[in-house]
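What follows is a set of notes on a single structure, which appears directly below.
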Ligand SMILES: Cc1cc2nc3c(=O)[nH]c(=O)nc-3n(C[C@H](O)[C@H](O)[C@H](O)COP(=O)(O)OP(=O)(O)OC[C@H]3O[C@@H](n4cnc5c(N)ncnc54)[C@H](O)[C@@H]3O)c2cc1C
């Protein structure tokens, strides 16, 4: 069955809440508000998660390193969110063990043990395994002189998919989500915000909202000052972080957290079965956030930290792919970019009568749900009939049965033994129990439709266009999935031509 392209929802004239920004914070607030009974509109100028929220280290973590900066509030909240998010989306979020090689000249063992003790105990850990010390065996991938270390738990998530699932959760509760729609500006008049929007095709529309949320991420300050002509009580500090993808450096599911001489840490994380992801860097960024790219200094820095720890020595030519993002941090005037607080600040202005404006500064992927709850608590005076907080216990789309990706893969393969094991595993981890929607009575690989490479078939592309706002090959290959790592240029061209034929059905007949 061919799915049509996702219909753009009609615009209401007046919403309770308008959200600008389709990164994790915008969609998190939209979903929470829609579930409390508010009418919600969200616009994203590009694709969902097309900026910082797809360029993270993809960890749902307390942030062991933040303990050194005394960020106890943030660490406690983030640690507790690990188990909440594991329950909400067991298929998408998975536990990950971290190995921390001991380097006595950087941090003494007692300090690490104390940090791990706090990490194990301050966040109400229930299902995740605790920490312990380690002695490395002779077959360890680490250099021979690194003999001892520690091990602890955090979690991994596909960041861009977490955003899409929250956008779907918002839509399923009535929110109108418009991607490729830029908010050009908004003005207050007679107790309402009047928003002016521009779609990708150049058409312009207006709507009204009782409250406005500025979740523009790296653009939060410029949107506030230039597009809303409002003063900002807080400044934003843009800090670039980059990652490398290299062929898998070792066997096993564990990640490594490496301490560097500058006291920063670098992660090496298993990625898409065949790769290792290395990151990240921290450096002040002053350009256009939409144009951020990894520099050769960052590549050399990351390689040198890894080479100081692993037997395998990497060179720049080993790098298969890289990505960069800009952290929109609340400026606390720290000298060192890696020391700037990762906590979030919500700036509320106006009144329920004049039209509230709430701007989001900073935040972590991990704490998006709590950030959304705090945002809704601040907006509550404008919406006296609003229902209470609900997101802590509700599953995200696909997580309704609470099954892990491994359990779902087993079920998929048992019921559909003709599915390629790699495809079943990827669908289970991406779509959870909604993978059955993609199967839709199909009973052979041929029935999945045209194959573009990397087990990406037409039926999945159709589903992503219909259900997940995908429009371009890049949306599909780098955000809805990470299959861009597996497709060559001809295969990408073939996907692009299929997408064009979906938009122009006459071309489809000619294919
Ligand atoms: C290198 C790096 C590693 C990280 N690692 C982790 C990690 O492992 N774990 C973790 O918890 N956090 C991590 N983070 C932090 C996390 O990624 C961010 O806090 C989070 O993604 C920020 O989301 P956001 O919604 O605020 O911003 P964004 O994702 O950037 O979303 C803002 C959106 O607003 C849109 N927008 C802007 N202006 C307009 C407009 N006028 N109209 C319409 N749309 C507009 C933009 O296009 C953008 O998509 C990391 C960040 C970086 C950079």
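The numbers here are math on the coordinates, done by the rules we state, and not lab data. Quick caveat, the model's predicted, so the values are computed rather than measured. Cβ atoms come from the backbone with ideal geometry, glycine included; neighbour counts cover every protein chain shown.
Stokes-Einstein diffusion coefficient for segment 1-69 at 25 °C in a medium of 0.890 mPa s, Rh from the Kirkwood formula over Cα pairs: what value in µm²/s? The diffusion coefficient I find is 167 µm²/s. Applying 1/(1 + (r/R0)^6) with r as the Cβ-Cβ distance of residue 333 and residue 137 and R0 = 45 angstrom yields a FRET efficiency of 0.45. Return the whole-Å distance between the Cα centroid of segment 418-432 and the Cα centroid of segment 67-129. Using only Cα atoms to place each centre, the spacing works out to 29 Å.
Under the 0.36 nm per residue contour assumption, what length would be gained going from the current alpha-carbon distance of residue 378 and residue 485 to full extension? Walk me through the numbers on the way to the answer.
Numbers: separation 107, 0.36 × 107 = 38.52 nm, distance 4.20 nm.
Gain on stretching residue 378 to residue 485: 34.3 nm.
Annotation for residue 315 and residue 406: the two label points, set 7 Å from Cα along the Cα-Cβ direction, are 3.8 nm apart. Shape analysis of segment 231-306 places it in the prolate category; the axes a ≥ b ≥ c from the Cα gyration tensor give an a/c of at least 1.5, with a/b above b/c. For a paramagnetic label modelled at 7 Å from the Cα of residue 351 toward its Cβ, which residues of segment 367-390 fall within the zone defined by backbone nitrogen distances under 18 Å? The answer is 378-384.
Per 0.36 nm of contour for each residue apart, how much would the distance between residue 122 and residue 184 grow if the chain were fully extended, relative to their Cα-Cα spacing? Don't jump to the answer; show the numbers that get you there.
Details: separation 62, 0.36 × 62 = 22.32 nm, distance 4.35 nm.
That pair, residue 122 and residue 184, stretches by 18.0 nm at full extension.
Highest mean packing first, where packing is the average number of other Cβ atoms within 10 Å per residue, the peptides 222-228, 37-43 line up as 37-43, 222-228.
For segment 214-365, the ratio of Cα radius of gyration to the globular rule of thumb 2.2 N^0.38 Å stands at 1.25.
Note on 102, 132: ascending count of other Cβ atoms within 10 Å places them as 132, 102, the fewest first. What's the center-to-center distance, using Cα atoms, between segment 346-406 and segment 6-31 in Å? Value for the Cα centre distance between the two parts: 13 Å.
How many percent of Cα pairs in segment 51-135 exceed 14 Å?
Working: 2414 of 3570 pairs.
Every Cα pair in segment 51-135 considered, those over 14 Å come to 68 percent.
If you wrap a convex hull around the Cα atoms of the chain, how much volume per residue is inside, in Å³?
Values: hull volume 76.3 nm³, N = 511.
That works out to 149 Å³ per residue.
Each of residue 196 and residue 72 was given a label point 7 Å from its Cα along the Cα-to-Cβ line. The distance between the two points is 5.0 nm.
Across all directions, the average flat footprint of the convex hull enclosing the Cα atoms of segment 311-432 is 14.2 nm². Measuring r between the beta carbons of residue 222 and residue 445 and using R0 = 41 Å, the FRET efficiency lands at 0.25.
Cut-off is 10 Å between beta-carbons; in what order do 476, 294 appear when sorted fewest neighbours first?
On the way: 476 26, 294 20.
Neighbour counts put them in this order, fewest first: 294, 476.
Each of the peptides 22-29, 257-264 was scored by the mean count of other Cβ atoms within 10 Å over its residues; in descending order, highest first, they stand as 22-29, 257-264. Please identify which residues in segment 174-201 have an amide N closer than 17 Å to a label point set 7 Å out from the Cα of residue 229, following the Cα→Cβ vector. Inside the label zone: 184-197. Where does segment 405-510 land on the Kirkwood hydrodynamic radius, alpha-carbon pairs, in angstrom? After inverting the mean inverse Cα-Cα distance, the result is 14.2 Å. Counting other Cβ atoms within 10 Å as a rough exposure proxy, the listed residues 411, 236 run 411, 236 from fewest neighbours to most.
Where only DSSP H runs of four or more residues are counted, the chain gives -8500 deg cm²/dmol as its mean residue ellipticity at 222 nm, each run worth -39500 (n - 2.57). Extending 7 Å from Cα along the Cβ direction at residue 288 and again at residue 262 yields two label points whose distance is 2.7 nm.
Considering only beta bridges that DSSP places wholly inside the chain, some 75 percent are antiparallel. Compactness of segment 147-252 is given as radius of gyration and Dmax, 20.1, 68 Å, from Cα positions.
For the pair segment 200-275 / segment 51-65, the C-alpha centres are spaced 8 Å from each other.
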